[in-house]
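Working notes for the structure below.
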Amino acid sequence: MIELHPFKPPAPHDVVAYRDLLGGEFWRRVPAYADVDETQFLDHLWQQRHSVKTPEELLATVRELASPEFIADAELGFRRAPMAVRVSPYAIALVDWNDPYRDPIRRQFIPVASALLPNHPRLTLDSLHEQADSPVPGLVHRYVDKALFLPLNVCPVYCRFCTRSYAIGPDTQNVDKVELAKTPSQWQDVFAYIASRPELEDVVISGGDAYQLPPKNLELIGNALLDIPHVRRMRFATKGPAVMPMKLLTDHAWVDALTRIVDRGRSAGKDVVLHTHFNAPEEITEITQRAMRVLFERGIFVRNQSVLIRGVNDEPERMQRLVKRLGYVNVHPYYVYMHDMVKGVEDLRTTIRAAIGVEKFVRGSTAGFNTPTFVCDAPGGGGKRDVHSYEHYDRENGIAVYAAPSVKPGRAFVYFDPIDQLEPAARERWQNETVAQEMVHEALRRAGTGDDSFVVA
Ligand SMILES: *Cc1c(COP(=O)(O)O)cnc(C)c1O
Ligand code: SF4
């Protein structure tokens, strides 16, 4: 006999509040867009043309909404940042300009000087050592059976926390960018390399951002890779749906090109999907829902990779809302990354401890296949590790040691928590380089990995 419990009470309304998506002409709140109608706002070319790239353009767009102090702060922030700035009107319209300092969209794209923190002494620009695993320009071959192709260095927006700040976007006052392979003739070397490595089954096309590829180049890449017999899986990576979802509604040539590659892959028994990058629940609106519906109806599978970012999604409830909202619009949450140890954005990083807490809260709130894995892309080229799988974690000093036996056997990789999140005594210890080195070596000893195998980020 099955015992029935018919009185499980219905869930209170706020349990399904993630389904309440922002709709209507919300952009008209921004003075510069007050006269923009829906047709214009949904036009992807209009979005591209009106993206904000300088403090002057920001001022012209949000004048009357943001205080002069905020604008001055942003102006200084633009000058100190390692990434160029580019923000779409869609993203600008989602910012709560009554409180831009705390706003999760603003924090991702618009730097303000007053929030900057000193860099952790172990930070670098290319913390993942991608350049060391690059056999030809524009390709990173780190894992045995998969490779990362970087066919361009432009994106529809620039994220302050970009892991590829060494290469992505125009040069800034602080960083001269590394050259990637950016033209179809340069891509031939990448295709030739992939064709010469039969162990490669899986290619991630990232960048930069596939949104910025003209449809004919998107298709050229897709077809060239589908032509290689051993390539079985491809993912086009784009931040686009999170910051400019309307492109999927109005750039028919691009969506059709993607659809043709997916269809050709399907008939060849090969898996072609889209990977995207939503970080905040506010990025998902009714426009996003319509855009994701277009892909869903065409049978294009979409996965999401988020970055755990302080003040954006590091509160358990906010991450839970993001995950459930993604599932609601047919996007599968795949990964949540620890923020990479890149320079200039220490205010955005969180601790391994915090990530574990958020993961614990999220798991169990929805389908397992819609529950992201929380990973730390091990600094120094160890690849992605489940955040929980450290060999040793010194929580007090914020030092986590990982091993990656099938990527770089015999080596140890260390992730450092942001110093301002540690207790005062630990912060003090980090001020002294000799003490700091001893702490790191002690963590490595406890992890049972030899000191000399340590990869210094
Ligand atoms: C993330 C990444 C991949 C893909 O890894 P998955 O865990 O399969 O998503 C491939 N190559 C590089 C260099 C990467 O950073
Ligand atoms: S969209 Fe991706 S590649 Fe482009 S700036 Fe953002 S994180 Fe970097």
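The values are calculated or read from the model by the stated rules, or taken from the named source; none is laboratory data. This is a predicted model, so every value here is computed, not measured. Cβ placement follows ideal geometry from the backbone for every residue including glycine, while neighbour counts extend to all protein chains displayed. All accessible areas refer to the heavy atoms of the entire protein, side chains included, with ligands and DNA or RNA removed. Shrake-Rupley method; radii C 1.70, N 1.55, O 1.52, S 1.80 Å.
The table below gives the values:
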{"quantity": "Residue count, the stretch 30-43 (criterion: modelled with pLDDT of 95 or more and assigned to a helix (DSSP H, G or I))", "calculated": "5"}
{"quantity": "Those residues of the stretch 1-26 which are part of a helix (DSSP H, G or I) and open to solvent by less than 90 Å² (accessible area, probe 1.4 Å), in sequence order", "calculated": "V15, V16, A17, Y18, F26"}
{"quantity": "Any hit, the stretch 301-314, residues being out of contact with any helix residue (DSSP H, G or I) (no Cβ under 9 Å at 6 or more places or on another chain), more than 16 Å from ligand 1 (Cβ to nearest atom) and of a type outside the set (D, E)", "calculated": "no"}
{"quantity": "Whichever residue in the stretch 385-394 is open to solvent by 60 Å² or more (accessible area, probe 1.4 Å) and under 21 Å from the mean Cα position of the chain (by Cα) and, among such residues, is farthest from ligand 1 (Cβ to nearest atom)", "calculated": "H388"}
{"quantity": "Checklist (1) of a type outside the set (S, T, N, Q); (2) under 27 Å from C159 (Cβ atoms); (3) within 16 Å of ligand 1 (Cβ to nearest atom) applied to P245, failing item", "calculated": "(3)"}
{"quantity": "Residues of the stretch 363-374 classified as surrounded by fewer than 22 Cβ atoms within 10 Å (Cβ to Cβ), touching a helix residue (DSSP H, G or I) at 6+ places or on another chain (Cβ under 8 Å) and either closer than 26 Å to R107 by Cα or not small (G, A, S) (or both), total", "calculated": "3"}
{"quantity": "Residue that is farthest from ligand 2 (Cβ to nearest atom), among those in the stretch 395-416 that are more than 16 Å from A443 (Cβ to Cβ) and open to solvent by 10 Å² or more (accessible area, probe 1.4 Å)", "calculated": "G410"}
{"quantity": "The stretch 86-107, subset of a type in the set (D, E, K, R) and under 19 Å from the mean Cα position of the chain (by Cα), residue surrounded by the fewest Cβ atoms within 10 Å (Cβ to Cβ)", "calculated": "D103"}
{"quantity": "Qualifying positions in the stretch 310-328 - assigned to a loop (DSSP other than H, G, I, E, B) and either of a type in the set (G, A, S) or surrounded by 24 or more Cβ atoms within 10 Å (Cβ to Cβ) (or both)", "calculated": "G311, V312, N313"}
{"quantity": "Looking only at the stretch 180-238, and only at residues there that are of a type in the set (F, W, Y) and in a helix (DSSP H, G or I), the one that is farthest from ligand 1 (Cβ to nearest atom)", "calculated": "Y211"}
{"quantity": "Conditions (1) more than 13 Å from ligand 2 (Cβ to nearest atom); (2) surrounded by fewer than 23 Cβ atoms within 10 Å (Cβ to Cβ); (3) under 19 Å from the mean Cα position of the chain (by Cα); number of the one not met by P135", "calculated": "(3)"}
{"quantity": "Residue in the stretch 381-394 that is within 16 Å of ligand 2 (Cβ to nearest atom) and either more than 24 Å from E130 (Cα to Cα) or not β-branched (V, I, T) (or both) present", "calculated": "yes"}
{"quantity": "Within the stretch 266-277, considering residues that are within 16 Å of ligand 1 (Cβ to nearest atom) and not hydroxyl-bearing (S, T, Y), the one farthest from D314 (Cα to Cα)", "calculated": "K270"}
{"quantity": "Positions within the stretch 138-182 being under 20 Å from the mean Cα position of the chain (by Cα) and small (G, A, S), in sequence order", "calculated": "G138, A147, S165, A167, G169"}
{"quantity": "Residue satisfying all of: in the stretch 184-215; more than 24 Å from the chain's Cα centre (by Cα) and at pLDDT below 90; surrounded by the fewest Cβ atoms within 10 Å (Cβ to Cβ) among these", "calculated": "S185"}
